[in-house]
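Single-structure report; data block below.
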Amino acid sequence: MQTVWLTGAEWLAVLRIGLGLWWLESWRHKDRKGWFERGTGIAWAADIAGRHRWSPVRKGFDSVVAPRPKLMAYVVVYAELALGLGLVFGLLTPVALIGGLLLNLLYLVLMIHDWAEQGQNAMMALISLVALFAMSWQTWSLDHAIGLFG
């Protein structure tokens, strides 16, 4: 593959790192005090889930998230941080890419009727797929440096 400036593998690493920075920005701009102390993030998601047109989404939220809102707030917020760090530094990259893809798909399904966020989630999911199947951890990553994932 011929490219300008960087090799194809280096461009894939740029894509992976950019996705990681996107996750870190998602983590950075969250009002963690609101999420952890006042429950604003999960309350917002509960409102969306409660009005969702698909009953499996409502039932899933009610059975998994609603009974443990504080734990779920920590899971969401720190998952975004872990995904961002994993992708930027290329540590456990395939795990981070699959986790990010699943989280974006979850966000996409939850907010299916709210198109304001869908472009971001769709693009992040697409980047995750490309970075995963192109094995973007082969360049500029701790995984490559320590010999993980071939």
Members of the range 31-54 that are part of a loop (DSSP other than H, G, I, E, B) and open to solvent by less than 100 Å² (accessible area, probe 1.4 Å) | D31, G39, H52
With respect to R28, determine if the residue is at pLDDT below 95 and either of a type in the set (F, W, Y) or surrounded by fewer than 19 Cβ atoms within 10 Å (Cβ to Cβ) (or both).
-> no
Collect the residues in the range 1-23 that are assigned to a helix (DSSP H, G or I) and open to solvent by 40 Å² or more (accessible area, probe 1.4 Å), keeping them in residue-number order.
-> A9, E10, W11, L12, V14, L15, I17, L21, W22
Test result for V57, assigned to a loop (DSSP other than H, G, I, E, B), β-branched (V, I, T) and modelled with pLDDT under 95 = no
Within the range 115-122, is there a residue that is touching a helix residue (DSSP H, G or I) at 6+ places or on another chain (Cβ under 8 Å), open to solvent by less than 40 Å² (accessible area, probe 1.4 Å), touching a residue at least 12 places away in the same chain (Cβ under 8 Å) and not basic (K, R)?
-> yes
Hits in the range 123-150 (condition: part of a loop (DSSP other than H, G, I, E, B), exposed (fewer than 13 other Cβ atoms within 10 Å of the Cβ) and at pLDDT 95 or above) | G147
Which condition number does L92 fail, the rest of (1) within 24 Å of G60 (Cβ to Cβ); (2) at pLDDT 95 or above; (3) open to solvent by 70 Å² or more (accessible area, probe 1.4 Å) being met?
-> (1)
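Output the residues belonging to the range 95-107 that are crowded, with 17+ Cβ neighbours inside 10 Å and either among the β-branched types (V, I, T) or within 24 Å of W54 (Cα to Cα) (or both).
If the condition is that a residue be crowded, with 17+ Cβ neighbours inside 10 Å and either among the β-branched types (V, I, T) or within 24 Å of W54 (Cα to Cα) (or both), then G99, G100, L101, L103, N104, Y107 are the ones that fit.
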Restrict the check to the range 67-88 and report whether at least one residue is assigned to a loop (DSSP other than H, G, I, E, B) and in contact (Cβ under 8 Å) with a residue 24 or more places away in the chain.
-> no
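The values are calculated or read from the model by the stated rules, or taken from the named source; none is laboratory data. Computed from a predicted model, the values in this text were never measured in an experiment. Cβ atoms come from the backbone with ideal geometry, glycine included; neighbour counts cover every protein chain shown. Heads up: the accessible areas ignore ligands, DNA and RNA and are worked out on the full protein's heavy atoms, side chains in. Shrake-Rupley method; radii C 1.70, N 1.55, O 1.52, S 1.80 Å.
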